[in-house]
Each structure stands twice: as C-alpha cells, then as structure tokens.
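What follows is a set of notes on a single structure, which appears directly below.
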Amino acid sequence: CMRCSMAISDRRFAAQLRGGEKNVALKFDDIGCAVIWMRDKRNDYPWMADAATRFWVADITSTGDKWLDARKAKFVGGKTSPMAYNFGAIAYAEAGAFDFEEMRQHVLDKGK
C-alpha cells in the first residue's frame, strides 16, 4: 500500500490509481488509504485530477478479481477492512450505500 506500506492482505478491499505521463500504478490495501493519500499527495501527483486517470476498487462481492470504477461504485459500511475504514465497494446501489463522494467525506472526517 502506497500510504501505509502494508501488504494487500484482503484483495476484496484493494484499490488502484493509474495515470500520469508514465502510466504509474499506485496500489492501496484499503479504499480509505487511497482517499487519504490522494488528499495528502495531490500537489505531488497533479495527474490524479486528470479525467484520464483510472481509479479502481475491488468489488467486495468478488474474491478481489472484479474491479469497479471507484468514482462510480457504491460503498457499503460495516465491513472489516484492512485499515479499518470499513467500506466495501459494490457495483449497484442498495439501501444504505454511499456514492464515492459520500464515502470519501466519511473517510476524511474520520481523519486517520
């Protein structure tokens, strides 16, 4: 994980950013780590704001082999994720699910 340096121990919670001139791949063990890292590193990696930057998150309903566009995914809380941000991504909305911006704000409010 780019933020916490932990191994990606549970692929169902993994996230990845890819972009920039060199098509750099940045991997995270928890969507919360990705959100915090993006906030903290936005000046160092300005390409993150580019529409061409790809941002994926693993679908919690898979074994970590199905990826979703993180900005379009829905997020359910109450999961036990590697770094305790406790959000899992799903493809379709369900009762109580958050969109990306809502999940992002919950993570930032938690302030880890």
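The values are calculated or read from the model by the stated rules, or taken from the named source; none is laboratory data. Model, not experiment: these values are computed from the prediction. For neighbour counting, all protein chains shown are included, and Cβ atoms are generated from backbone atoms with ideal geometry for every residue, glycine included. Note: areas computed on protein heavy atoms with side chains; ligands, DNA, RNA excluded. Shrake-Rupley method; radii C 1.70, N 1.55, O 1.52, S 1.80 Å.
Miscellaneous remarks
- Pairs are defined by a Cβ separation below 7 Å, a sequence spacing of at least 6 or placement on different chains, a first member in the stretch 68-89 that is farther than 20 Å from Ala7 by Cα, and a second member that is of a type in the set (D, E, K, R) and crowded, with 16+ Cβ neighbours inside 10 Å; the pairs so defined are Leu68/Asp59.
- For the residues Asp59, Asp10, Asp69, the requirement of being in contact with a Pro (Cβ under 8 Å, 6 or more places away or on another chain) and either within 20 Å of Met103 (Cβ to Cβ) or among the aromatic types (Phe, Trp, Tyr) (or both) singles out Asp10.
- In the set Glu21, Glu94, only one residue is at pLDDT below 95, out of contact with any strand residue (DSSP E or B) (no Cβ under 9 Å at 6 or more places or on another chain) and either of a type in the set (Val, Ile, Thr) or open to solvent by 70 Å² or more (accessible area, probe 1.4 Å) (or both); that residue is Glu21.
- Here the stretch 97-109 is the region considered, the condition is being of a type outside the set (Phe, Trp, Tyr) and either more than 11 Å from Ala70 (Cα to Cα) or more than 13 Å from the chain's Cα centre (by Cα) (or both), and the residue that is surrounded by the fewest Cβ atoms within 10 Å (Cβ to Cβ) is Asp109.
- Residue tally, condition of a type in the set (Phe, Trp, Tyr), open to solvent by 20 Å² or more (accessible area, probe 1.4 Å) and under 15 Å from Val35 (Cα atoms), over the stretch 60-91: 1
- Hits in the stretch 42-78 (condition: part of a helix (DSSP H, G or I) and out of contact with any strand residue (DSSP E or B) (no Cβ under 9 Å at 6 or more places or on another chain)): Pro46, Ala49
- Test result for Trp37, touching a residue at least 24 places away in the same chain (Cβ under 8 Å) and open to solvent by less than 20 Å² (accessible area, probe 1.4 Å): yes
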